[in-house]
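Enquirer: There's a structure below that I have some questions on.
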Amino acid sequence: MFGECHAHVLMDGINYRQAVERHKERPEEKAVRKCLEAYREAGISFVRDGGDNCGVSLLAKKLAPEYGIDYRTPVFAIHKEGHYGSIVGKGFSNMKEYHKLVLEAAEKGADFIKIMTTGLLDFNNQGKVTGTPLDRGEVKEMVHIAHEEGFAVMSHTNGVYGIQAALEAGVDSLEHGNYMDEKCISMLADSQTIWVPTLVTVRNLKGCGRYADEILTPIIKSVEEKLRLAFQKKAQAALGSDAGAYMVPHGRGILEEYESFCRILGEDPSVDSWLRQGEKAIRDRFRHLQS
């Protein structure tokens, strides 16, 4: 079975606010063990978390060996104040503060650094992303600092400007990557960046009533088109479901992500080989070089 390259043990796939409240005072071990058991039952032995600001993923990393799981975490994600990201991490106002957060993550046992460079999909404005993306110069410096400290960089990024800025900066993995254009795919193919598209975060919303299907369908079709192109151009990609997000359960989420890839690209050994190469790159790279 493939590993889960993007999860949030903080979240439960049902109610984000209730999940956060559960861990507010301190990480609830029972809930963390339930997630780890779901992965073990699904035959998943590798999980890369996207971080949180409650210490939940750090507890998961500590407990994971009991379940035969190699668990990687950035401890918390890092965002610029006034921009998206506070739900999973800590903020900075300048590069000196950012560097301090990188060192804090290192001290707490981070395996890699996660940065937030853009907002989310804006379901009320087709083709748009919430908020303002970070300046490409800022992103480049953030990646440089993390790399200098021996860390790979996981980047939450959407939209053409944000994606191009992240690729130019040399992020090690690009998470989500919605609204790419063909130039982005070409840049991705020419880079060492691994794309983790988290398809089911949108696909699983279809028919649930939270958003109209006519809003979701164009987003889904767009990503399918870009995924086919990425496969054709031999860009690197890996499976990650954003498990814990609404309608994406731990354990089952990555199985559904794989099924989505197969529906789009076909059930072919070449697809499996492509995905295993991407996952291997993540396993090899997302480990603190100084740990």
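Readers should treat all values here as calculations from the given coordinates under stated rules, not as data from a laboratory. As the structure is a prediction and not an experimental result, all values here were calculated from the model. Note that we place each Cβ from the backbone using ideal geometry, even for glycine, and neighbour counts take in every protein chain shown.
Enquirer: Can you give the extra length, in nm with one decimal, that the chain gains between M95 and D70 once fully stretched, where that is 0.36 nm per residue apart less the Cα-Cα distance? Each step should come with its number before you reach the end.
Expert: Values: separation 25, 0.36 × 25 = 9.00 nm, distance 3.15 nm.
That pair, M95 and D70, stretches by 5.8 nm at full extension.
Enquirer: Which residues' amide hydrogens lie under 5 Å from the amide hydrogen of V129, considering only partners 5 or more residues apart or on another chain, with H built in the peptide plane?
Expert: D122
Enquirer: What trypsin sites (Lys or Arg not before Pro) in the stretch 217-291 are in a loop by DSSP, with at most 11 other Cβ atoms within 10 Å of the Cβ?
Expert: Filter output for the stretch 217-291: K234.
Enquirer: Going by amide H atoms built from the backbone, whose H comes under 5 Å of the H on F92, apart from near neighbours?
Expert: Counting only residues 5 or more places away or on other chains, the set is H79, K80, E81.
Enquirer: Out of the trypsin sites (Lys or Arg not before Pro) in the stretch 111-164, which ones are loop residues according to DSSP with at most 16 other C-beta atoms within 10 Å?
Expert: Of the trypsin sites (Lys or Arg not before Pro), the ones in loops of the stretch 111-164 whose Cβ has at most 16 other Cβ atoms within 10 Å are K128.
Enquirer: Among I185, I78, I220, I69, which comes first, then next, by fewest other beta-carbon atoms within 10 Å?
Expert: I220, I69, I185, I78
Enquirer: Give me the percent relative contact order of the chain, please, defined on Cα pairs under 8 angstrom at least 6 residues apart.
Expert: 20
Enquirer: Still on this structure, please answer the following. FRET efficiency for D135 and D268, Cβ-Cβ distance as r, R0 = 51 Å, nearest 0.05?
Expert: 0.80
Enquirer: What's the extension gain from D122 to Y211 if we count 0.36 nm per residue and subtract their Cα-Cα distance? Walk me through the intermediate numbers first.
Expert: On the way: separation 89, 0.36 × 89 = 32.04 nm, distance 1.12 nm.
Computed gain between D122 and Y211 is 30.9 nm.
Enquirer: Report, in listed order, any pair from K24/K108; K30/K100; K140/K280; K128/K206; K114/K140 with a Cα-Cα distance greater than 21 Å.
Expert: Beyond 21 Å between Cα atoms: K30/K100; K140/K280.
Enquirer: Three principal axis extents, largest first, for the C-alpha atoms of the chain, in Å?
Expert: Projected onto its principal axes, the Cα set of the chain covers 43, 41, 36 Å.
Enquirer: With labels modelled as points extended 7 Å from the Cα through the Cβ direction, what inter-label distance (nm, one decimal) is found for I14 paired with R26?
Expert: 2.4
Enquirer: Which loop-located GluC sites (Glu not before Pro) does the stretch 1-99 contain, where loop means any DSSP state but H, G, I, E or B and the Cβ has at most 12 other Cβ atoms within 10 Å?
Expert: Answer by residue number: E25, E81.
Enquirer: Rounding to the nearest 20 debye, state how big the charge dipole of the chain is about its Cα centre with +1 on each Lys and Arg Cβ and -1 on each Asp and Glu Cβ. Present the calculation step by step, with values, prior to reporting the outcome.
Expert: Working: 37 positive and 42 negative charges, 47 e Å.
Its charge dipole is roughly 220 debye.
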